[in-house]
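J.: This is the structure I want to talk about, given as structure tokens.
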Amino acid sequence: MQIKHETTPEVVLLGNSPAIQRTRLQLEGAAVAEAPVLITGESGTGKDLVARLLHDKSKRSNQPFVKVNCPAIPTHLFESELFGYEPGAFTGANHSKPGKFELANDGTIFLDEIGELALPLQSKLLQALQDFQFVRLGGVQDRKVDVRVICATNRDLTKEIETGTFRADLFYRINVLQIAMPSLRERAEDVPLLMEHFIRLHSDQSGRSTLPLSNSIMAVLNAYHWPGNIRELENLAKRYVFMGGEDSILSSLRERSEGNPFATEMIDVNTPLRIQTKKALRHLERRIILQVLQAHKWNRRKTARSLDISYRALLYKIKEAGVPPLRHIKNTAPKEE
């Protein structure tokens, strides 16, 4: 999805599907505005790429672009990371240090996975976003910055507001303009183009030569439901480049599609425990829902009753999990009662 050309470092959004064309139109309109932008969509759909494109196409393109991975910042370091600190602010603070907001002055600050922020941290962030004025930790001087704010989340923040886990006032502050990233299932016609791009990209980077994928493999890729979206597709392309042969991706797809499309995710040694724990819990929930659906022959109402959740909640979780549409299931589902 991200291309680096030899003549320019510009990145582009690949695809010709109606879904990605709508995203391009939203991006072009939002890029020239100074208003905050909220980018929504499932994990792996390219939200960080769109954030970078919003900056590159804006009048701030020659100024800093500072990304903040919100859940990766420990709670006790949040203020010092975002707003900086002065000497003596805490043990080991022997010099002053600007925070992310100061580093992004005159440019763009990108708050990735903002939906993961704890409520107390949301309150501190809101105060800074109201007038872009703050005081460094341990300091007394007010500091004011001029930044364009872009946020991203894979969560439904309106539901988070209803459950009390996200502040409504912060949501309205960051959700002036919104770009909804389509899942790969919604732009399946882009799969061949993206797969060919990633194979070529990683072949060139590694110095390996690879053959084009056959039509039969491409048909399998087109029929797959891609719960991990473009990130999952790129991983399969890497597998093909480094392991060689179409069997390397066929075996992986069979493992995910036949009986358990949500195979165990790899552990990332560079990701904090609390983030991986949240992902593992969501992964486990998806597996449970899928197995209960299969047990009830894909009857969603019976599944909802069995799981003791509402039918509407189950439909939301099915969509969130990326379970393939019923028309792709071999067993015909009985009429739901």
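The values are calculated or read from the model by the stated rules, or taken from the named source; none is laboratory data. Keep in mind it's a predicted model, so treat the numbers as computed, not measured. Backbone-built Cβ (ideal geometry, glycine too); neighbour counts: all protein chains shown.
Okay, residues lined up against (1) assigned to a helix (DSSP H, G or I); (2) touching a residue at least 24 places away in the same chain (Cβ under 8 Å); (3) over 18 Å from the mean Cα position of the chain (by Cα); (4) surrounded by fewer than 17 Cβ atoms within 10 Å (Cβ to Cβ):
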position	(1), (2), (3), (4)
I20	yes, yes, no, no
T23	yes, yes, no, no
L27	yes, yes, no, no
A30	yes, yes, yes, no
A33	no, yes, yes, yes
L49	yes, yes, no, no
L53	yes, yes, no, no
N62	no, no, yes, yes
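J.: Criterion first (in the same structural domain as L111 (by TED's automatic domain parsing) and under 22 Å from A19 (Cβ atoms)) does N229 satisfy it?
T.: Numbers: in the same structural domain as L111 (by TED's automatic domain parsing): no; under 22 Å from A19 (Cβ atoms): yes.
It is false that N229 is in the same structural domain as L111 (by TED's automatic domain parsing) and under 22 Å from A19 (Cβ atoms).
J.: Listed residues T7, T91; which is more than 18 Å from the chain's Cα centre (by Cα), modelled with pLDDT under 95, over 19 Å from G115 (Cα atoms) and not assigned by TED's automatic domain parsing to the domain that holds D156?
T.: T7
J.: Then there is this: Considering only residues that are in a loop (DSSP other than H, G, I, E, B) and closer than 12 Å to I174 by Cα, which ones fall in region 35-45?
T.: Once the filter is applied, which keeps residues that are in a loop (DSSP other than H, G, I, E, B) and closer than 12 Å to I174 by Cα, region 35-45 yields A35, P36.
J.: Mind checking which pairs have a first residue in region 109-123 that is under 13 Å from N175 (Cα atoms) and a second that is at pLDDT 95 or above and of a type in the set (F, W, Y), Cβ under 8 Å, 6 or more apart or different chains?
T.: From residues that are under 13 Å from N175 (Cα atoms), the pairs are G115/F166.
J.: Give me the strands (runs of 3 or more DSSP E) completely within region 100-184, filtered to those with at least 2 residues that are farther than 26 Å from F90 by Cβ, ordered by residue number.
T.: Counting at least 2 such residues, we get 108-112, 148-153, 177-180.
J.: What's the number of the condition S252 fails, among (1) modelled with pLDDT under 85; (2) assigned to a loop (DSSP other than H, G, I, E, B); (3) in the same structural domain as L211 (by TED's automatic domain parsing); (4) on the phi < 0 side of the Ramachandran plot?
T.: (2)
J.: Those residues that are touching a residue at least 40 places away in the same chain (Cβ under 8 Å) and surrounded by fewer than 15 Cβ atoms within 10 Å (Cβ to Cβ), I need them from region 137-155; list them, please.
T.: D146
J.: Test A168 against the criterion of being touching a residue at least 60 places away in the same chain (Cβ under 8 Å) and surrounded by fewer than 18 Cβ atoms within 10 Å (Cβ to Cβ), and give yes or no.
T.: Answer is no for this residue.
J.: Let me ask something additional. Restricting the first residue to region 230-246 and requiring it to be farther than 14 Å from T210 by Cα, which pairs with a second residue that is surrounded by 21 or more Cβ atoms within 10 Å (Cβ to Cβ) and among the aromatic types (F, W, Y) meet a Cβ separation below 7 Å and a spacing of at least six or different chains?
T.: E232/W226; L233/F198; L233/W226; E234/F198
J.: Follow-up question, since we're still on this one. Only one residue in F134, F83 is within 17 Å of R148 (Cβ to Cβ), over 22 Å from the mean Cα position of the chain (by Cα) and surrounded by 17 or more Cβ atoms within 10 Å (Cβ to Cβ), so which one is that?
T.: Selected residue: F134, the only one of F134, F83 that is within 17 Å of R148 (Cβ to Cβ), over 22 Å from the mean Cα position of the chain (by Cα) and surrounded by 17 or more Cβ atoms within 10 Å (Cβ to Cβ).
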